[in-house]
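Have a look at the structure below before the remarks.
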Amino acid sequence: MIIIVAAVVLILGVGTAFLLRGRKTPPGTYTSTRDANDLPAGSGGTAVAEPEAPAAPAPAVETAEAPPAGHHLGLEEVPEVAALEVPAPVRGRLARLRARLVRSNNALGKGLLALLSRDTIDEDVWDEIEETLLLADLGTEPTQELVEALKARVKVEGSRDPKLVHDMLREELVKLVDPSMDRELASERHPNRPAIMMVVGVNGVGKTTTIGKLARVLVAQDKDVLLGAADTFRAAAAEQLATWGDRVGVPTVKADVDGADPASVAFEAVRAGIDQEVDVVMIDTAGRLQNKVGLMDELGKIKRVVEKHGTVDEVLLVLDATTGQNGLNQAKVFSEVVNVTGIVLTKLDGTAKGGIVVAIQRQLGVPVKLVGLGEGPDDLAPFDAEAFVDALLD
């Protein structure tokens, strides 16, 4: 019996060795210790590459003086290894995006042209024209003004020729949008300091994204830009802003801790901009509801603290164009607190009504300076009154 068992064990051992011999990896296949996910060279599989060790973060550049106790601020340098993007030229952006504007606002222009081209224009038609304008968020006063102007011209000219009607309507709409308003951004450097811009607005309108896109506009104009991440309450707001800046080589000043004093961050950003002799410093602020007194007071504080370095040259209010008349209420309150100098209308490519441009300008006496017409990084365009009206009527 013992002899039989020994023979069986011997036979099994030899068979196993024979079976395994064909699967043995040839010597020299691996030049280093094999990991579990390595595959032999030439095996036809896809090797899972080991992730490269992350580069050590660049040390923060401390500002000239230490910030107030309890606040850790620094200048986040743009990584040298990052491949910088080249923003689209500013000139012609609105023309390039015109198709989107045409699609979103076509009902206003086409509706008016159809009504004015009828063989007979009676009071019922004028009522329809007025309703069309009000539904487009033009506002009561501008609507009445436009209707009266159109009535007078139709009475005098008495023509239903589509070309003449188009030209007449275009002229009157351009007057309402007002091409005479100064829409230039205050982005020219002063002799001893950068131009200072603040960007404000309620939650959810896209302030941080707008600042990132505006940085691209300024870089395309060959400006040296620095960003200040003074939105210290929203999680990851500073990182989001820095990411936008990194893409085009723009540094960001931000706090190292959440909940830092936003006025202190803004102050240090401007100081860093002075030290580095940049052209423009743009300051992001936390979104706030216009009916929250404490938050609005804090916004005023940020502006006062920043102005220890010099007057804020531009305060841009970002509004969601789809909010219509509610945007007017927001605009009025923000303008009282920080003296808004320009409007940025986002989401004008959605369900927005083109008339909101006229309503806001009339209500505040403040020009629309930029419009957002899409989700792309270069879908922010300087506003042009005549190009805007042409898009409405196309």
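Brief remarks follow.
- Cα-Cα separations in the range 140-215 greater than 19 Å, expressed as whole percent: 62 percent
- Full-extension gain in nm, Glu148 to Leu113, via 0.36 nm per residue minus C-alpha separation: 11.0 nm
- Per residue, the range 154-247 exposes 43 Å² of solvent-accessible protein surface, assessed with a 1.4 angstrom probe and all protein chains in place.
- Relative contact order of the range 256-347, pairs being alpha-carbon contacts under 8 Å that are 6 or more residues apart, as %: 28 percent
- The range 114-203: GluC sites (Glu not before Pro) falling in loop per DSSP and having at most 14 other Cβ within 10 Å: Glu184, Glu188
- Applying 0.36 nm per residue to the separation of Glu130 and Ala83 and subtracting their alpha-carbon distance, the gain on full extension is 11.7 nm.
- Restriction of the GluC sites (Glu not before Pro) in the range 318-394 to DSSP coil positions whose beta-carbon has at most 14 other beta-carbons within 10 angstrom yields Glu375.
- Computed from the alpha carbon positions, the gyration tensor of the range 118-267 leads to an equivalent ellipsoid with semi-axes of 48, 18, 13 Å, biggest first.
- Under Karplus coefficients 6.51, -1.76 and 1.60, residue-wise ³J(HN,Hα) of the range 211-226 in Hz, glycine/proline x: 4, x, 5, 5, 4, 5, 4, 5, 5, 5, 8, 6, 9, 8, 10, 9
- Calculated P(r) of the range 235-372 - Cα pairs past 25 Å, %: 33 percent
The values are calculated or read from the model by the stated rules, or taken from the named source; none is laboratory data. None of these values were measured; they are calculated from a predicted model. Neighbour counts are summed over all protein chains in view; Cβ atoms, including those assigned to glycine, are modelled from backbone coordinates with ideal geometry. Only protein heavy atoms, including side chains, enter the accessible area calculation; ligands, DNA and RNA are left aside. Shrake-Rupley method; radii C 1.70, N 1.55, O 1.52, S 1.80 Å.
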